[in-house]
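The values are calculated or read from the model by the stated rules, or taken from the named source; none is laboratory data. Computed from a predicted model, the values in this text were never measured in an experiment. Positions of Cβ are generated from backbone atoms using ideal geometry, with glycine treated the same way; all protein chains shown enter the neighbour counts. Ligands, DNA and RNA are stripped out before the accessible areas are found, and what is left, the full protein with its side chains, is counted by its heavy atoms. Shrake-Rupley method; radii C 1.70, N 1.55, O 1.52, S 1.80 Å.
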Amino acid sequence: MKKLLTITLFVETITLAASAQEQSPIWTMDDCMRYALEHSTTVKKQKYTLSTAEANLQTATAAFLPTLSATIDGQYNWGRSIDPETNTYNNVTTFNNSYGIYASIYLFDGGQTINQWKQAKVNRQIGMSDLQKAKDDKVIEVMQTYVDAVYCKGCLSYCSDKLQESQKTLYKTQKQEELGIKGKPDVAQIKAQVAQDNYNLTHQQNLYLTAILKL
């Protein structure tokens, strides 16, 4: 009964898995790699690092350009004053304004500006290399995991077929024992083989599920 229950549960698990696969689309290796690159935190982190390096390079490049500044000044005055012609008080309102624009550029800073630009350029190249490396590492990891999952699935199918074959052999040997053709040691040996195949199938099923979860 225990063996029958184990086999029944396994068949139900395989049936549910097959049903789930029919409802959801089958992912290829390219689909898995594309999804991993889009959602990898390591790749996203390297993208942000590269964006920072590019912004620093733009800032270092802008340091070669002249610095411009503009000013606008306005002054509004009002009050009373004496008109010299009539010797009377007048209300006077005045408005003064001024505009200015200035430009400045460093003629010599000891090579600091050029060195900062070179350093920013190198940092951007390093950021591009690190980003590509992060993508390559993630792709290789997904490829290896995908291959492991496919291999485990093949082994699972092989173990399932082998268990069915051992069960058929056990049934045949038990009938031969009833007819006196085989002895109890033969039946015991086949039962041990069935138990071993059943263990291998369960173990391989766990390996397959682990590979799928990792993928």
The chain: calculated mean residue ellipticity at 222 nm from DSSP helix runs of at least 4, using -39500 (n - 2.57):
-25500 deg cm²/dmol
Taking only protein heavy atoms into account and a 1.4 Å probe, give the accessible area per residue of the range 109-215 in Å².
68
So the carbon and sulfur contribution to the accessible area of the range 61-215, 1.4 Å probe, in percent, is 56
Largest first, how would Met128, Met33 line up by accessible area (1.4 Å probe)?
Met128, Met33
Return the sequence-ordered ³J(HN,Hα) values of the range 40-57 in whole Hz as given by the Karplus equation 6.51 cos²θ - 1.76 cosθ + 1.60 applied to θ = phi - 60°, using x for Gly and Pro.
6, 5, 5, 5, 4, 4, 5, 5, 5, 4, 5, 4, 5, 5, 5, 5, 5, 5
The rounded separation in angstrom of the Cα centers of the range 24-58 and the range 158-207 is 50
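Assuming R0 = 45 Å, can you tell me the calculated FRET efficiency for the pair Ile26 and Thr52, based on Cβ-Cβ distance, to the nearest 0.05?
About 0.70, to the nearest 0.05.
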How about the range 49-112: which chymotrypsin sites (Phe, Trp or Tyr not before Pro) there are in a DSSP loop, with at most 14 other Cβ atoms within 10 Å of their Cβ?
Phe64, Tyr106, Phe108
If the chain between Glu165 and Thr42 were fully extended at 0.36 nm per residue, the gain over the current Cα-Cα distance would be 39.6 nm
Could you provide, to the nearest whole Å², the per residue accessible area of the range 30-76 with probe 1.4 Å?
74
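At a threshold of 8 angstrom on Cα-Cα distance, excluding pairs fewer than six apart, so keeping six or more, what relative contact order does the chain reach in percent?
21
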What shape does the chain take by its C-alpha gyration tensor, where a ≥ b ≥ c are the square roots of the eigenvalues and a/c under 1.5 counts as rounded, a/b above b/c as prolate, and the rest as oblate?
prolate
